[in-house]
Amino acid sequence: MALAAFSPSVIVFREEQNFDWWVYAFIAFTDAVIWGTLYCLGSAGAPPGTERGLSPELALALFLGLVLPVLLVVALLRMTTEVDHDHLRVWFGWIPTYRRTFSIGSVKKVEIVEYRPIADYGGWGIRLGRDGVRVLNARGNRGVRLELADGSKLLIGSQVPEQLARAIDQAMHPGT
């Protein structure tokens, strides 16, 4: 009895991007402010000369102040783009929490673009522009704009948009 074997897709392009350093600095600063505020609130209620105790609410807040920033970084602040012969995949997070897969057959047009992330799309991350373009970007101002078969447009931010566009184009036109 023979078993059918599936060969894994061959990845022809892979890019991993972390968000810019200032995003992590902002999270750290915000977390430090929250921790400082919680510490002061916890200390303010203790009468002089008594041991400081944590209320259940304050303990929960301290726990969330530690866990939520870590979850944010692990779950969202990394973008990975992969192209194989059949699909284009983009996901966010070391543990993918947001993942989109597009069939190479659905791509009708590939264009390398330079854009203004804040002015055009309100920043980085998972965005929808005023022009209806869905944007997936982590840093920088360059990327690849795709026109899909259903008429929608997708902009994928990349530090190497020429390589990404070439990989998508080669997958669209194998053997050329």
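Details
- The fewest-to-most ranking of Thr97, Thr80 by surrounding Cβ atoms within 10 Å reads Thr97, Thr80.
- Environment charge at Arg145 (Cβ cut-off 10 Å; Lys +1, Arg +1, Asp -1, Glu -1): 0
- Dipole magnitude of the range 80-172 about its Cα centre (Cβ charges: Lys, Arg +1; Asp, Glu -1), debye to nearest 20: 300 debye
- Given their separation in residues at 0.36 nm each and the Cα-Cα distance between them, Lys108 and Trp21 gain 27.8 nm when the chain is fully extended.
- Sequence of Arg116, Arg142 once ranked by neighbouring C-beta atoms within 10 Å, starting from the fewest: Arg116, Arg142
- Shape annotation for the range 80-172: C-alpha extents along the principal axes are 33, 29, 24 Å, from largest to smallest.
- For Leu88, Leu136, Leu66, the sequence from fewest to most other C-beta atoms within 10 Å is Leu66, Leu136, Leu88.
- Within the shell defined by Cβ-Cβ distances under 13 Å, the residues around Gly129 carry a net charge of +4, with Lys and Arg each +1 and Asp and Glu each -1.
- Stretchable slack from Lys153 to Val70, in nm (0.36 nm times residue separation minus alpha-carbon distance): 26.6 nm
Quick note: the coordinates plus some simple rules give every number you see, no bench work behind them. Quick caveat: nothing in here was measured; it's all calculated off a predicted structure. Virtual Cβ from ideal backbone geometry, glycine too; neighbours counted across all protein chains shown.
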